[in-house]
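The values are calculated or read from the model by the stated rules, or taken from the named source; none is laboratory data. For clarity, every value in this text was computed on a predicted model and none was experimentally measured. Reconstructed Cβ throughout: ideal geometry from the backbone, glycine too, with neighbour counts over all protein chains shown. Note: accessible area is taken over every heavy atom of the protein model, side chains too, but ligands, DNA and RNA are not part of it. Shrake-Rupley method; radii C 1.70, N 1.55, O 1.52, S 1.80 Å.
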Amino acid sequence: LLLSILFLNFSVAKSQKITFLESEHDFGQIEENGGNVSHTFEFINEGDSPLVILSVKPSCGCTTPDWSKDPIKSGSKGYIVAEYNPRGRPGVFRKSLSVVTSDNKRSVIFIKGKVSR
């Protein structure tokens with residue numbers, strides 16, 4: 001019985017839950033020589049314990065991420081910035097960023113658009 005109670009208490013442990021306000025951003029048409037473009041994705045920690053972004057991995061070297069480095073308290077917002085370099089990449093693109101959080105869950109967000117010469 002004691003073991004069951006301990007297990008039940010452990011399983012009701014504090015949780016972390018990342019919820020993005022948007023999962024995809026469309027830059028629309030951008031110029032190849034117009035310089036890098038960036039978008040900030042906001043998220044909320046809807047869990048009841050602090051959330052930490054462990055890593056953000058882009059699908060290619062053309063995208064550079066930055067993110068909230070400090071723990072995000074329950075109910076608070078954090079951010080992930082996706083910067084895209086269009087130079088030498090004419091045409092339609094859709095790139096992903098894989099986000100790993102301290103609860104060992106993975107989320108994916110996307111940027112897309114069309115690069116014109």
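At a glance:
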{"item": "Total formal charge among the other residues, if their Cβ is under 14 angstrom from that of ILE30, Lys/Arg +1 and Asp/Glu -1", "result": "+3"}
{"item": "Charge sum, other residues only, whose C-beta stays under 10 Å from LEU21's C-beta, Lys/Arg counted +1 and Asp/Glu -1", "result": "-1"}
{"item": "Cα shape, the stretch 61-117, gyration tensor, a/c 1.5 rule", "result": "prolate"}
{"item": "Inter-probe distance in nm under a simple model that places probes 7 Å from Cα toward Cβ, at SER102 and SER23", "result": "2.5"}
{"item": "Whole-angstrom gap from the stretch 24-47 to the stretch 63-110, using each part's C-alpha centre", "result": "9"}
{"item": "Calculated [θ] (222 nm, deg cm²/dmol) that DSSP helices of n ≥ 4 give over the chain, each run adding -39,500 (n - 2.57)", "result": "-2500 deg cm²/dmol"}
{"item": "Formal net charge of residues neighbouring SER59 (Cβ-Cβ distance under 15 Å; K, R +1; D, E -1)", "result": "+4"}
{"item": "Segment PHE110-ASN85, extension gain: residue separation times 0.36 nm, minus the distance between their alpha carbons", "result": "7.5 nm"}
{"item": "Carbon + sulfur, % of accessible area of the chain - ligands and nucleic acids excluded, 1.4 Å", "result": "53"}
{"item": "Cα-based shape type of the chain, given that a ≥ b ≥ c are square roots of the gyration tensor eigenvalues and the cut on a/c is 1.5", "result": "prolate"}
